[in-house]
Number of protein chains: 2
Amino acid sequence: MTFDAIDRKLIQLLQEDSKQTNKELSNKLNLSVTAVYERIKKLENHNVINKYVALINNDKIEKSFVTFCHVKLIQHTQEYVIKFEEEVANLPEVLECYHISGDYDYLLKVIVKDMGAFREFMVNRLTKINHIGSTLSMFVINEVKHTTAISI
Amino acid sequence: MTFDAIDRKLIQLLQEDSKQTNKELSNKLNLSVTAVYERIKKLENHNVINKYVALINNDKIEKSFVTFCHVKLIQHTQEYVIKFEEEVANLPEVLECYHISGDYDYLLKVIVKDMGAFREFMVNRLTKINHIGSTLSMFVINEVKHTTAISI
DNA sequence: GGTGAAATCCTCGGGGG
DNA sequence: CCCCCGAGGATTTCACC
């Protein structure tokens with residue numbers, strides 16, 4: 001599907017705050033409520049909008065220890081790769097996992113309570129997965145910027 | 001604030017889908033609609049819930065080229081650090097920026113259309129910021145897992 | 001934490017340019 | 001095709017138990 005200027009603005013607005021009423025959106029877009037409603041439905045049906053979620057403050061729930069973790073596999077047979085990706089997907093501490101270029105195979109974003117919980121995670125959860133060659137962890141000292149809104 | 005089992009379940013549900021009605025939530029939590037309403041308001045007022053957003057499909061809007069970019073500064077005077085963090089916060093291509101431990105100072109998540117746009121971003125936008133020593137880019141080959149929901 | 005009612009909103013049929 | 005109006009039904013919100 002293609003987007004006009006109004007669609008782009010609408011996507012931007014919903015990425016910033018999805019709890020706005022269609023009425024509020026209609027004011028900002030100079031449209032009727034129905035027109036806004038139909039544009040949103042179109043974006044949802046075309047899977048441009050994936051889902052609506054609540055974002056929570058990680059330090060309010062004792063999950064303020066964030067780590068980026070590089071992982072290298074011993075071998076890269078399809079069997080090993082699939083197994084690793086499956087297991088990682090099931091670890092709740094891993095919010096994100098990317099197959100990346102460079103010295104390591106994967107980059108993981110891990111979030112836990114503190115250093116103790118991270119050690120526990122590494123020893124008992126992550127490295128329990130077979131075929132992991134080596135890991136390299138980088139601890140987040142400060143979150144400078146973090147948005148889910150992709151500019152369009 | 002402290003959470004009971006119902007709060008935790010509620011947070012989990014809202015992180016998965018914030019468009020559920022309070023009625024649907026009340027069924028899943030075995031509560032009345034009003035009780036759900038008040039619990040949500042409490043979470044919002046205590047900033048446990050930060051905001052509500054629409055998540056969009058990046059490849060549906062021509063932003064499928066994702067890169068993690070390490071950045072090292074030449075110096076680490078407060079002036080340089082503040083300047084860099086300000087400038088990065090204003091770059092729409094940069095969704096996330098973390099001050100991290102390790103060989104580099106910062107880790108950035110950058111999202112653009114394609115390799116050409118990335119080159120353009122590096123040459124004309126990122127490295128135009130003063131005091132940047134060196135960079136190292138890792139391209140995302142495949143997104144194995146990506147969630148905003150922190151398990152509680 | 002629950003009940004009930006008012007205010008507001010979502011949703012969709014019908015019609016216009 | 002994209003937009004607007006209007007109305008029914010659902011939802012949010014709040015005073016009160």
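The values are calculated or read from the model by the stated rules, or taken from the named source; none is laboratory data. Everything numeric here is computed off the predicted structure, so don't read it as measured data. Note that we place each Cβ from the backbone using ideal geometry, even for glycine, and neighbour counts take in every protein chain shown. Keep in mind that these areas ignore ligands, DNA and RNA; they rest on the heavy atoms of the full protein, side chains included. Shrake-Rupley method; radii C 1.70, N 1.55, O 1.52, S 1.80 Å.
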Sole miss for B:LYS83 among (1) open to solvent by less than 30 Å² (accessible area, probe 1.4 Å); (2) out of contact with any strand residue (DSSP E or B) (no Cβ under 8 Å at 6 or more places or on another chain); (3) touching a residue at least 40 places away in the same chain (Cβ under 8 Å) is condition (1)
Sort out which residues of the stretch B:135-152 are within 7 Å of chain A (Cβ to nearest Cβ) and either in a strand (DSSP E or B) or among the charged types (D, E, K, R) (or both), and write them in order of number. B:MET138, B:PHE139, B:VAL140, B:ILE141, B:ASN142, B:GLU143, B:VAL144, B:LYS145, B:HIS146
Determine whether B:THR34 is more than 16 Å from DNA strand D (Cβ to nearest atom) and open to solvent by less than 90 Å² (accessible area, probe 1.4 Å). no
Among (1) within 17 Å of A:GLY102 (Cα to Cα); (2) open to solvent by less than 50 Å² (accessible area, probe 1.4 Å); (3) of a type in the set (A, V, I, L, M, F, W, C), there is one condition B:PHE139 misses while meeting the rest; what is its number? (2)
Please enumerate the residues belonging to the stretch B:39-80 that are more than 7 Å from every other protein chain (Cβ to nearest Cβ), among the polar types (S, T, N, Q) and surrounded by fewer than 16 Cβ atoms within 10 Å (Cβ to Cβ). B:ASN45, B:SER64, B:GLN75, B:THR77, B:GLN78
Restricting attention to the stretch A:4-24, which residues are assigned to a loop (DSSP other than H, G, I, E, B), acidic (Asp, Glu) and farther than 16 Å from A:LEU55 by Cβ? A:ASP4
Positions within the stretch B:6-31 being more than 9 Å from DNA strand D (Cβ to nearest atom), away from every other protein chain (no Cβ under 14 Å), at negative phi and surrounded by fewer than 16 Cβ atoms within 10 Å (Cβ to Cβ), in sequence order: B:ILE6, B:ASN27, B:LYS28
Number of the exception - A:VAL36 against (1) touching a helix residue (DSSP H, G or I) at 6+ places or on another chain (Cβ under 6 Å); (2) assigned to a strand (DSSP E or B); (3) more than 7 Å from every other protein chain (Cβ to nearest Cβ): (2)
I'd like to know if the stretch A:87-106 contains one or more residues that are within 12 Å of DNA strand C (Cβ to nearest atom), without any contact (Cβ under 8 Å) to a residue 40 or more places away in the chain, touching an Asp or Glu at 6+ places or on another chain (Cβ under 9 Å) and open to solvent by 30 Å² or more (accessible area, probe 1.4 Å). no
For the stretch A:47-57, check the following and say yes or no: at least one residue is within 16 Å of DNA strand C (Cβ to nearest atom) and in a helix (DSSP H, G or I). no
